[in-house]
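Trainee: Quick one: this structure, given as structure tokens, is what I'll be asking you about.
The values are calculated or read from the model by the stated rules, or taken from the named source; none is laboratory data. Please read these numbers as outputs of a predicted model, since none were measured by experiment. Note that each Cβ is placed from the backbone with ideal geometry, even for glycine, and that neighbours are counted across all protein chains shown.
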Amino acid sequence: MAALAHQRLRATSAELRDALSCDRLRLQNQLEALLEEAHIKLSSLVTDLLGLSARRMLQALADGETNPAAVAALADGRLRATPEQLRDALGACTELNPVYRRLLNMGLEELRLIDEQIGKLDQEMANLLSEHQDAVQRLAEVPGLGVDSAQQIIAEVGPRAETFPSGKCLSSWVGACPGDDESAGVNYSHRSPKGNRHMRRLLNQAANAAARTKGSIFEIVYRRSVPRLGHNQTIGAIAHRQCRLIWLILHQGVRYEERGPVVTNQSKKKRTARMIRQLRSLGYRIESPNSQSTQPQAP
């Protein structure tokens, strides 16, 4: 009974975090629309409008800065956009209406509050999952997932996915499996059945991220399949693969090993180091992984 209550607490925390993530996305869309209306073209030059580099520039605009060069100088040096491109995109700040500045400041304040609440929920889930930190770490190693997604998935399905006798059952529960309208081996329906909306959103985000992970098997699957299936169906197929992989990792206690042909040891080490930093920041006691158990490839 206590274990069931504990699982319910984890699932509730995960659902609240998902709701906050949706609020954050809504806020990002509102800020993009606001900047577009104010003729500030920053969103076309930065990968993440809510990233640290962009937020420094947005805060400068909100605080009243009118010099495009001064705002552009706040950008991270690793940004692909040149200083000249940034100055051009920020040119309208010289005569930016004060109302836009105040609205921008309100949006940034709301963003800070949302990020603070997300951080607190991540910490709550880490506390609830402290005894299952090995499962969190193993799942976080999968391309496209990471620590946050791993915690939310385990909060929903449990540290060993014991409720689901197979990966197919988990995929069916999530709704990450293709439709059943099939004849003579040809699938005529590309719709997935309804399932757990929170998990489907998580897997969709993870599949998109995995498809962009250079050298991963998921990137290879995406490139091979997208000309024939299109983006949405290919992402659905990758999400289905990831769902079966999640079941393998949790239910059988194995680890993921990337075997994409162009994955370098350096890229593996960088990703592992980043994951370990995230885990430690949440209070997990993690050592650099040396011993590995059976290594599955992506199904």
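Trainee: For Glu36, indicate whether it is more than 20 Å from Ile114 (Cβ to Cβ), free of Cβ contacts under 8 Å to residues at least 40 places away in the same chain and not in a loop (DSSP other than H, G, I, E, B).
Mentor: Yes; evaluated as a whole, the condition is true for this residue.
Trainee: Write out, first by first residue and then by second, each pair whose Cβ atoms fall under 7 Å of each other, whose residues are 6+ apart or on separate chains, and whose first residue, in segment 110-126, is within 22 Å of Glu156 (Cα to Cα) and exposed (fewer than 15 other Cβ atoms within 10 Å of the Cβ) while the second is at pLDDT below 95 and among the hydrophobic types (A, V, I, L, M, F, W, C).
Mentor: These pairs meet every condition: Gln123/Leu282.
Trainee: Before we move on, is Leu90 touching a residue at least 12 places away in the same chain (Cβ under 8 Å) and exposed (fewer than 12 other Cβ atoms within 10 Å of the Cβ)?
Mentor: no
Trainee: Continuing with this model, one more query. Exactly one condition in (1) in contact with a Gly (Cβ under 6 Å, 6 or more places away or on another chain); (2) of a type outside the set (Phe, Trp, Tyr); (3) within 25 Å of Asp148 (Cα to Cα) is false for Asp48; which is it?
Mentor: That leaves (1) as the condition not met.
Trainee: Within segment 111-122, does at least one residue satisfy the condition of being in a loop (DSSP other than H, G, I, E, B), closer than 30 Å to Glu257 by Cα and among the acidic types (Asp, Glu)?
Mentor: no
Trainee: Give the residue, chosen from Val226, Val263, Val221, that is over 16 Å from Ala150 (Cβ atoms) and either in contact with a strand residue (DSSP E or B) (Cβ under 9 Å, 6 or more places away or on another chain) or at pLDDT 90 or above (or both).
Mentor: Matching residue, one of Val226, Val263, Val221: Val226.
Yes or no, residue by residue, for (1) over 20 Å from Glu36 (Cα atoms); (2) outside the structural domain of Ala155 (by TED's automatic domain parsing); (3) touching a helix residue (DSSP H, G or I) at 6+ places or on another chain (Cβ under 7 Å):
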position	(1), (2), (3)
Glu65	no, yes, yes
Gly77	yes, yes, no
Glu84	no, yes, no
Ala89	no, yes, yes
Ala92	no, yes, no
Val99	no, yes, no
Glu109	no, yes, no
Ile114	yes, yes, yes
Ile118	yes, yes, yes
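Trainee: Being closer than 30 Å to Gln30 by Cβ and either crowded, with 20+ Cβ neighbours inside 10 Å or modelled with pLDDT of 90 or more (or both) is the filter here, so list the residues in segment 127-147 that pass it.
Mentor: Gly144, Leu145, Val147
Trainee: Could you list all residues from segment 94-109 that are charged (D, E, K, R) and over 9 Å from Ala62 (Cα atoms)?
Mentor: Glu95, Glu109
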